[in-house]
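Structure first, commentary second.
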Amino acid sequence: MKSILSFSLNGAPVEVLVKTTDTLLDVLRESLGYTGAKRGCDAGDCGACTVIVDGLAIRACLAIALTMSGKEVVTIEGLGKQGDLHPLQKAFHQHGAHQCGFCTSGMIVSAKTLLDKIPNPSQDEIVEYMSGNICRCGTYVEVAEAIQAVSGGKE
Amino acid sequence: MTEYVGKPMPRYQGLGEVTGTATYVDDVQYPGMLYVKVLRSPVARGTVKGLDFSDTLKVPGVVGVLTADDIPGVNIYGVYGDQLVLNPQDLRYKGEPIAAVVGRDEDAAQAGVEAVKLDVEELTPVFDMFEAMKPDAPIVRPGTTSNLFEYDEQGTTTRIIKLGDVEAGLKEADHIVEGRYIEAIQDHAAMEPQVSVALIDDAGRLTIHTHSQCLNYHLAQLCPVFGLSQSKINYLGGRVGGGYGGKNEINCDHIAGLAALKFCAPVKYRLTRQEDLAYTGKRGAWVFDYKTGVMNDGRIVASHIKEYHDSGAYCGFSPYGTEKCGMFASGPYNIPNILIEANTIFTNRYPSISMRGYSVLNGQVAADVQMSRIAEKLGMDPWELRFINAWRDGDMGASRYVVDGVGALEAMKRAAGMAGIELPDKLLQMSSRSR
């Protein structure tokens, strides 16, 4: 049994057929081909699937797709692209805040919502806010540096 | 060249990572793609008595099953060529693949796995290395008589590294310090779970999208399984979502490839996080027994080390890891008399594989905890004990290599500085260039 889900994805309206058990991550990755959000744990623990829904960072793997009806969803693909990078994307790249890259899109999306909320975060606020995004390569120091570099609109 | 050395550079392919366009294996999709789930051993040791897929084939969405009989080449892979792709008979660890179910989606394939009528006779397993070495222990490898890896055709099970005369050294010593060090298993837990996508491409080749950390090495293991030459396999790698040694082992490529060949369709086989943690290779457990002879002035004169490495149910990387570990288990210290005895032991655990600083660090961690224990026993500052014994240029290591360009003392001085520890002048004056 499938239903039609309508929502806004990176500023454009989309309609897609979904099962009641599909998560937002299933729909983004498998149905719509937006693979920037990663399936790391599929259980809400790692943060690799972080996307923005109506301005809030959420775990796409825990969100039932049908609850997204009428909402505004922004993924890493909506922040910027090659040739037109978001300042955070530029800073992550310049500061080497990514190694294998699998956690990176979730990190950048989380960082975006942090700076929307606190434009000039302290180191402690960055560490606290980003604690839900796990990086197994250990880029945490560089992630904090990249966020500091962008905060306050310095970059 | 000098404009690059020592300076941070933007990461190659990094723009794809920050924009979300980098293509990892699970990001690859094909129309009509089928999905695999694997039937795994429910017991740590047992014998398959019955395997019936009649209910599985009735599950809606199930396309078919894959068993050992479907393998066009040989049912063997692994670094030491001792692992079965699909094991229809003598199960050696919990989670060992028995057969695979292919479905139109993962839910169907999983329902198919759950519908298999599997009859297994459970046998007593052995999980502890020291239990496994006892003469009456359950035998992990059917057809053998012991749980120790044989390093040659004469049946040598203990690798020995010898320098000087350890017995004479221990006799000469003012103090003997003994210690046992136990290192537990560790999982790589890469952010990207294990996954593979396989299909037959427009040139008729078997194409596999892989996150392998060692493409040529794995290709050499996969060719005999598929019964294909290397020119018939397009093994596409390059993007690894974290490996740390965990993707030096084939977990999905063989099964995805076999399914693509049998069902002539694109196939994805991916592990859930739970499956990845439960069923993929680990850094195996190690146990070390140290017996060190030391003089009143802190000079170490003899080190006798017994090393035990848990290989799990198959070789994995372990026999090699045991040897490599032994070569470094006496630490970066100048010790004139060394005896290292190393064993690789089979148990009914998951096969052990490589991981970050593989096997070298395991011995060095034990060696340096032993150093701290020796310092405590002598009432000596542990920095001083390490400075006295650290390698200088021209010293000889356990396996008779003469060390050159040594930096142990300089590294320790810098580490102490960074940690805010003030070292006494007599240590600061020491140099790796002379003793």
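Only the coordinates and a few stated rules stand behind these numbers; no lab work does. Owing to the predicted nature of the structure, the values given are computational and were not obtained by experimental measurement. We place every Cβ from the backbone using ideal geometry, glycine too, and count neighbours over all the protein chains shown.
Details
- 3J(HN,Hα) couplings calculated from phi for region B:61-67 with the Karplus curve 6.51 cos²θ - 1.76 cosθ + 1.60 (θ = phi - 60°) are, in sequence order, x, 7, 8, x, 10, 10, 10 Hz; Gly and Pro show x.
- Sorted largest first, extent of chain B alpha carbons per principal axis (Å): 77, 63, 35
- Antiparallel DSSP beta bridges within chain B, percent to nearest 5: 75
- Counting only residues at least eight positions apart within a chain, or on another chain, the lysines with an alpha carbon under 23 Å from that of B:K117 are B:K37, B:K49, B:K58, B:K94, B:K262.
- Within the shell of other residues whose beta carbon sits under 11 angstrom from the beta carbon of B:Y308, the net charge comes to -4, with Lys and Arg scored +1 and Asp and Glu -1.
- When the Gaussian network model of chain B links Cα atoms closer than 10 Å, the mean-square fluctuations of B:I374, B:I421, B:I161 top out at B:I421.
- Relative contact order [Cα under 8 Å, 6+ residues apart], region A:87-153, whole percent: 53
- Under conditions of 10 °C and 1.306 mPa s, region A:2-79 yields 132 µm² s⁻¹ as its translational diffusion coefficient, taking Rh as the Kirkwood radius over Cα pairs in the Stokes-Einstein equation.
- Measuring nothing but how far apart in sequence close Cα pairs (under 8 Å, 6+ apart) lie, relative to its length, chain A scores a relative contact order of 24 percent.
- Charged side chains reduced to their Cβ positions (Lys and Arg at +1, Asp and Glu at -1) give the protein assembly as shown a dipole of some 540 debye around its Cα centre.
- Charge sum, other residues only, whose C-beta stays under 9 Å from A:H95's C-beta, Lys/Arg counted +1 and Asp/Glu -1: -2
- Between region B:355-385 and region B:88-164, the Cα center-to-center distance that results, in Å: 34
- Candidates B:M396, B:M418, B:M191: whichever shows maximal mean-square fluctuation once chain B is modelled as a Gaussian network with Cα springs under 10 Å: B:M418
- Bridgeable aspartates and glutamates around A:K71 (alpha carbons under 15 Å apart, same-chain partners fewer than 8 residues away excluded): A:E15, A:D54.
- Rg in Å to one decimal, and Dmax rounded to a whole Å, for the protein assembly as shown via C-alpha atoms: 27.5, 83
- Summarising the amide proton neighbourhood of B:R40: residues at separation of 5 or more, or on other chains, whose placed amide H is nearer than 5 Å comprise B:I98.
- Value of Rg to Rh for region A:87-153, rounded to two decimals, is 0.91; Kirkwood radius and Rg both from alpha-carbon coordinates.
- In a reduced charge model with +1 at each Lys and Arg Cβ and -1 at each Asp and Glu Cβ, region B:322-385 shows a dipole moment near 280 debye about its Cα centre.
- Within a straight-line Cα-Cα reach of under 24 Å, B:K306 can be paired with the following lysines, leaving aside sequence neighbours fewer than 8 residues apart in one chain: B:K134, B:K162, B:K171, B:K282, B:K291, B:K324, B:K377.
- Percent antiparallel among DSSP beta bridges (both partners in region A:2-79, rounded to 5): 90
- Student exercise, region A:2-79 dipole from Lys, Arg, Asp, Glu Cβ charges, in Debye to nearest 20: 100
- Spacing of the two label points (7 Å from each Cα toward its C-beta) at B:M418 and B:Q230, in nm: 4.0
- Euclidean distance between Cα centres, region A:81-155 to region B:169-213, Å: 30
- Rounded to whole Hz, the Karplus (6.51, -1.76, 1.60) HN-Hα couplings of region A:125-131, x for glycine and proline: 5, 5, 4, 5, 5, 8, 5
- Contact order normalised by residue count of region B:229-328, Cα under 8 Å, 6+ apart, percent: 16
- Top of A:K81, A:K112, A:K71 by mean-square fluctuation, Gaussian network on chain A, Cα under 10 Å: A:K81
- Computed as a quarter of the hull surface, the mean projected area of the alpha carbon convex hull for region A:1-146 stands at 8.3 nm².
- Under a 5 Å amide H cut-off, with hydrogens placed 1.01 Å from N, A:N10 pairs with A:V73, A:V74, A:T75 among residues at least 5 apart or on other chains.
- Charge tally in the Cβ shell below 11 Å around A:E30, where Lys, Arg are +1 and Asp, Glu are -1, A:E30 excluded: -2
- Computed 3J(HN,Hα) for region B:263-272, one whole-Hz value per residue from the Karplus formula 6.51 cos²θ - 1.76 cosθ + 1.60 where θ = phi - 60°, is 9, 6, 8, x, 9, 10, 10, 10, 9, 6, glycine and proline marked x.
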